[in-house]
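Right, one structure below, let's go through it.
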Amino acid sequence: MKAFDYIEIRIPAKPQYVSVARLAISGLAARIGFSYDDIEDLKIASSEAVTNVVQHAYAEDEEGDVVIGCALYDSRMEIMVADYGNSFSFEEIKEKVGPYHDEETITGVREGGLGLYLMETLMDEVKVNNEGGVTVFMTKYVAREQVEENVERITT
């Protein structure tokens, strides 16, 4: 038996399909027990990744797809958002938009950096591969109670 279920969808890289990705991820996250707040975080981070593809991966006259892959484990969800358009340097973009400080307001964030910032803030792990297009890997762990099951009770 596999350790995870894998679901993949391919949508056109058009703004009207970003909500399709959000809805799919929301439904999958609910199935493995994420809280409402964590589901909202997953939706925001994944829609930022898909929106980056829609806005930057393909030329205006070029049609392309976004591939969204979700690996569902008992304790986490891994999301892959991939395109085959123009690559970008994640580290280079981070250098231009960061650093972020707690005392800064959201209006101080430069254009183009908010999506990457949100992905890194809302997800537990974010990795980017930009060879032959851009692939964003994001991981979110299910927050469970920290009490172990079947622990003997000690009374005094």
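The values are calculated or read from the model by the stated rules, or taken from the named source; none is laboratory data. Note that the coordinates shown come from a computational prediction; the quantities given were computed from them, not determined experimentally. As a convention, Cβ positions derive from the backbone with ideal geometry for all residues, glycine included, and neighbour counts pool all protein chains shown.
Do the conditions hold for residue 62, that is, is it within 19 Å of residue 134 (Cα to Cα), in contact with a strand residue (DSSP E or B) (Cβ under 8 Å, 6 or more places away or on another chain) and among the acidic types (Asp, Glu)?
In short, no.
Condition first: of a type in the set (A, V, I, L, M, F, W, C) and in contact (Cβ under 8 Å) with a residue 24 or more places away in the chain. Now tell me which residues in the range 13-37 satisfy that.
Matches in the range 13-37: 13, 18, 21, 24, 25, 28, 29, 32, 34.
Being of a type in the set (Lys, Arg) and part of a helix (DSSP H, G or I) is the filter here; which residues of the range 1-23 pass it?
Residue satisfying the conditions is 22 alone.
Go through the residues of the range 104-117 one by one and say whether even a single one is modelled with pLDDT of 75 or more, over 25 Å from residue 5 (Cα atoms) and hydroxyl-bearing (Ser, Thr, Tyr).
Checked the range 104-117: at least one residue is modelled with pLDDT of 75 or more, over 25 Å from residue 5 (Cα atoms) and hydroxyl-bearing (Ser, Thr, Tyr).
Suppose we keep only residues that are part of a helix (DSSP H, G or I) and hydrophobic (A, V, I, L, M, F, W, C) within the range 44-83. Which one would you say is nearest to residue 141 (Cα to Cα)?
The residue in question is 45.
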